[in-house]
Structure formats: C-alpha cells, structure tokens
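Note sheet for the following structure.
The values are calculated or read from the model by the stated rules, or taken from the named source; none is laboratory data. Keep in mind that what you see is a predicted model, and the values were worked out from it rather than measured. Every residue, glycine as well, gets a Cβ built from its backbone with ideal geometry; the counts of neighbours run over all protein chains shown.
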Amino acid sequence: MRKIHVIGIGAGDPEQLTLQAVRALRATDVFFVLDKGEVKADLVRLRRDMLDAHVEPGTYRVVEARDPERDRAAGGSAYSPAVGDWRSARGEIYQRLISKELGEDESGAFLVWGDPALYDSTLGILEEILARGEVAFTYDVVPGISSVSALVARHRTGLNRVAGPVQITTGRRLAEGLPEGVDDVVVMLDAHQAFRRYADQDIDIYWGAYIGTPDEILVSGPLAEAGPRIERIRAEARERKGWIMDTYLLRRDPGRS
C-alpha cells in the first residue's frame, strides 16, 4: 500500500531537521512540492537544498504542482468559506499526486514548514482524502521545530513564565482582543499587524521574520517603541521579497518573572 510521510522541516534552517526527519527523507521515493509561484520560488529552493544535503541523488523523484490561490480579500463571514474552498482545491491536488504519481508500493512525502501539527492544513486534508475512499494509503507524521520554538530560541527567551500559561493564536483573533488571563501570547498568520492596537499598553514584543533563513530579521522591545520599527522593516522586507513569513510573542507586564 502507498505510504505518505508528513515531515516537519523546521522554520527554514536546514540544520533544524531532526534525525527522525532525515531518516524519513531517506525512506521516501517521491517528494510532493507545491509551487506557490515565482515570488515564493525560494521556498521550493530551500526544500530542494534540504534534499540535496541529506538524500542520495538519484534515489528519489520530486513532483511539483501549483498551489491553488486563496481568496485573501475575504473577511468576516466569508473568511471560513474561502479557506474551505482553498482546502478542497488543495485536497484535489494532493489526491491526484498520490494516485497518479505514487506507485502502489512506494512512499511519498510532503515537506511541511515548522511542525505539521501547528497551523498547517496537511493532516486535515489527508484525512479528508481518506474519507472519500477513492485512494488508499497510510501516513505517519514527523514533528518539526516550529517557527514558534525557533522564534523564542533566537530571542533567548521562553514561551511562558513561572506557573503561567501561554496561548498561540492568530492575528485575526488578536484583533478581537487579548486573551483573558493570559499574559504571554504567540501570534501567527498576522497579515495586518494586529499588535498595533495594543501599543499603549505595557507589553513587550519579540518579533521575527524569515526565521532560520539567511534573510532572518529579529526585533524586540517595548511594543510602543518596537512596533513602528517592525511596521517599517516588515513593509521593506515584503517589498523586497514579495512575501513575508513572520510571527511574534507579546508579553504583558514584562517586569514579572
């Protein structure tokens, strides 16, 4: 039966691959890579660099497919349906790749940025494909170093403080308000810099973009001071590369240990 490896490959640094991930790479016959267009071609190149560094040439194939576009202008009640449509389109591509490009006794792999269990759609899409019953396969999951772990490591801080909780959320949720009873909040998928809403509060921010890559940018400090700098740097980086991948930690009452 076909087998799929869902391999977490870290936040961008090839050295963040775990030994388990390397073993899974070397046990794979076909790697499926979604191409997000010329603007994000360096994301495909990073994946290929990892394969070149860890897998014997000539022992595998790489099959690329174009990632479907998502309606990023959809907001409010239209947001969830837009994401659902995008996931369905991606699922059709995944199913075609598995059924047409993978032999019955071969193993394929999807290389997932960060950790497959954190704000990534791959596992849910594979379950949806299996539920259709049109193609049979098994799959396993190799955890990876998430951008969240890489962020706090690069800033030499922890996610939480003594006996305190930490919450991971999205920019869309943060725009609705800071979580109650949580002073350490990690924010992902924030295209609109929702942190600006809280610039008048006693909050520190630990921000990072392109973490683990040669383009890595790190900024930290009181939100009132660091926020405008992050906005400027983020805009310049997005203009230069055409895309940006960033995350950050907000820490209320930073004087408390």
Inset, instruction - Give the residues of region 84-110 that are acidic (Asp, Glu) and more than 15 Å from residue 124 (Cα to Cα), sorted by residue number. - result: 101, 104, 105, 106
Inset, instruction - For residue 203, indicate whether it is within 26 Å of residue 16 (Cα to Cα), surrounded by 15 or more Cβ atoms within 10 Å (Cβ to Cβ) and at pLDDT 95 or above. - result: no
Legend entry - Test: residue in region 85-98 that is closer than 18 Å to residue 30 by Cβ, within 17 Å of the chain's Cα centre (by Cα) and modelled with pLDDT of 95 or more: no
Inset, instruction - Could you list, in sequence order, all residues of region 19-57 that are out of contact with any Leu (no Cβ under 7 Å at 6 or more places or on another chain), closer than 28 Å to residue 95 by Cβ and part of a loop (DSSP other than H, G, I, E, B)? - result: 27, 28, 29, 37
Inset, instruction - Determine, yes or no, whether residue 4 is of a type in the set (A, V, I, L, M, F, W, C) and within 22 Å of residue 216 (Cα to Cα). - result: no
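Quick grid of which residues meet (1) under 30 Å from residue 49 (Cα atoms); (2) assigned to a loop (DSSP other than H, G, I, E, B); (3) under 17 Å from the mean Cα position of the chain (by Cα):
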| site | (1), (2), (3) |
| --- | --- |
| 197 | no, no, no |
| 205 | no, no, no |
| 212 | yes, yes, yes |
| 229 | no, no, no |
| 233 | yes, no, no |
| 247 | yes, no, yes |
Inset, instruction - Considering only region 214-227, state which residues are free of Cβ contacts under 8 Å to residues at least 40 places away in the same chain and either of a type in the set (D, E, K, R) or outside any helix (DSSP H, G or I) (or both). - result: 214, 215, 217, 219, 221, 222, 225
Inset, instruction - For region 107-194, please list each of the strands (runs of 3 or more DSSP E) lying entirely inside it that holds at least 2 residues being outside the structural domain of residue 219 (by TED's automatic domain parsing) and of a type in the set (Asp, Glu). - result: none
Inset, instruction - Name the residue, out of 139, 60, 119, that is at positive phi and surrounded by 14 or more Cβ atoms within 10 Å (Cβ to Cβ). - result: 119
Inset, instruction - Report, by residue number, each residue of region 171-183 that is touching a residue at least 12 places away in the same chain (Cβ under 8 Å), buried (at least 16 other Cβ atoms within 10 Å of the Cβ) and under 20 Å from the mean Cα position of the chain (by Cα). - result: 171, 174
